[in-house]
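To start, the structure itself, in structure tokens.
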Amino acid sequence: IVVTRQQGFAASGCIVVNSLESGLEIARQSKEKEAFVIGGAEIYDLAFSSATRLYLTEIKAVIDGDTLFPEFDKAQWKEVSRQHHSKDLSHAYSFDFVIYDRKPGI
């Protein structure tokens, strides 16, 4: 499911919608267990308040970019998994794949 404001956008093999709510409703009707939001910054902001799980790549570096994940209070989330990957010939920086679940009642 692709969410875009671009009228007339088409992507082979994809369902295209013009709002996050429409995309999430299609996922619910299809009985999907999870819906993944993969950017950009505006859609991260729209989806963040209803997110219950975060799959993040935490890179051990400061890198310039034009899309940022929203700041969030880690005290409201429980880290449930972390996989560390060291810098090596294939990776310029060390990084961790981390899964956070939103704490109940937050």
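The values are calculated or read from the model by the stated rules, or taken from the named source; none is laboratory data. Remember, it's a predicted structure, so these values are computed and weren't measured experimentally. Cβ coordinates were reconstructed from backbone atoms using ideal geometry, including for glycine residues, and neighbour counts include every protein chain displayed. What goes into the accessible areas is simple: the full protein's heavy atoms, side chains included, and nothing from ligands, DNA or RNA. Shrake-Rupley method; radii C 1.70, N 1.55, O 1.52, S 1.80 Å.
Taking every lysine pair in the chain that is 8 or more places apart or spans two chains, those with Cα atoms closer than 28 Å amount to 13. Per residue, the chain exposes 77 Å² of accessible surface when a 1.4 Å probe is rolled over the protein heavy atoms with every protein chain present.
A Cβ-based charge dipole, computed about the Cα centre of the chain with Lys and Arg at +1 and Asp and Glu at -1, lands at about 380 debye.
Within the accessible area of the chain, the carbon and sulfur atoms contribute 52%, probe 1.4 Å, all protein chains present.
With only the Cα atoms considered, the chain has a convex hull volume of 151 Å³ per residue. In terms of overall dimensions, the stretch 1-40 has a Cα radius of gyration and Dmax of 10.1, 29 angstrom. Amide H contacts for residue 16 (H built 1.01 Å from N in the peptide plane; partners 5 or more residues away or on another chain; cut-off under 5 Å): 2.
Other residues lying with their Cβ under 12 Å from the Cβ of residue 41 contribute a combined charge of -4, Lys and Arg counting +1, Asp and Glu -1. Derived scalar couplings between HN and Hα for the stretch 28-39 equal 4, 5, 7, 6, 5, 6, 9, 10, 9, 9, 10, x Hz in order, rounded to whole Hz, by the Karplus curve 6.51 cos²θ - 1.76 cosθ + 1.60 (θ = phi - 60°), x for Gly and Pro.
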